[in-house]
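Have a look at the structure below, then the notes.
The values are calculated or read from the model by the stated rules, or taken from the named source; none is laboratory data. It should be emphasised that the depicted structure is a prediction, and the values quoted were computed from it without experimental measurement. Positions of Cβ are backbone-derived with ideal geometry, glycine not excepted, and every protein chain shown enters the neighbour counts.
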Amino acid sequence: MINQRPKQCGFSMIEVLVTVLVLSIGLLGISALQLNGLKQNQNALQLTEATFLAYGIVDRMRANQTNAADYNIGLDAGAAQGSVSGDDLMAWKTNLETKLPAGKGSIETVGTLFLITVQWDDSKGEFDPVQYQLETQL
């Protein structure tokens, strides 16, 4: 009688390597999705913060409506302390700088409308800064 061997007794080395390759490609895809999700979450956080800061200065302007014209300020302009509007603008500019990367803000008056612009850099200097604009009437 001839001894007959079974045709296959387990996995071959090639099958194991193909399995490891497919699994590693899948894990790389999952990590890329996770990284993209974290980046989008950071962008959403910055936009939410910009919105919150824009509405915050509008609330301060509404509380000081008699001096609302004093709130005009450019992106790179500093605010003078000593008045309510000056103190509000100093606090707003400080919050923009601390809560947003390279955060700046401006307020322009167009007739009875106020245009509040919040600008920040979320691209590490690779692209133009991001802007959020809010138009309101007091």
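Of note:
- Flag for ASP87 being farther than 22 Å from VAL130 by Cβ, touching a Gly at 6+ places or on another chain (Cβ under 8 Å) and of a type in the set (Asp, Glu): no
- Of all positions in the stretch 92-102, none carries a residue that is assigned to a helix (DSSP H, G or I), among the β-branched types (Val, Ile, Thr) and in contact with a helix residue (DSSP H, G or I) (Cβ under 8 Å, 6 or more places away or on another chain).
- The condition of being over 11 Å from LEU47 (Cα atoms) and loosely packed, with under 12 Cβ neighbours inside 10 Å holds for only one of THR117, THR112, that being THR112.
- Taking (1) among the β-branched types (Val, Ile, Thr); (2) assigned to a strand (DSSP E or B); (3) under 14 Å from the mean Cα position of the chain (by Cα) in turn, THR48 satisfies each apart from (2).
- Residue check: SER12 meets all listed conditions (1) surrounded by 12 or more Cβ atoms within 10 Å (Cβ to Cβ); (2) among the hydroxyl-bearing types (Ser, Thr, Tyr); (3) at pLDDT below 85 but one, namely (1).
- The residues in the stretch 69-91 that are surrounded by fewer than 18 Cβ atoms within 10 Å (Cβ to Cβ) and in contact (Cβ under 8 Å) with a residue 40 or more places away in the chain can be counted, and the count is 2.
- Sole residue being at pLDDT 90 or above and closer than 23 Å to VAL118 by Cα, chosen from GLY56, GLY86, GLY74: GLY56
- Of the residues in the stretch 28-36, none is touching a Phe, Trp or Tyr at 6+ places or on another chain (Cβ under 9 Å) and either of a type in the set (Phe, Trp, Tyr) or within 27 Å of SER123 (Cα to Cα) (or both).
- Of the residues contained in the stretch 60-67, none is found to be in contact with a helix residue (DSSP H, G or I) (Cβ under 8 Å, 6 or more places away or on another chain), without any contact (Cβ under 8 Å) to a residue 12 or more places away in the chain, surrounded by 11 or more Cβ atoms within 10 Å (Cβ to Cβ) and not in a helix (DSSP H, G or I).
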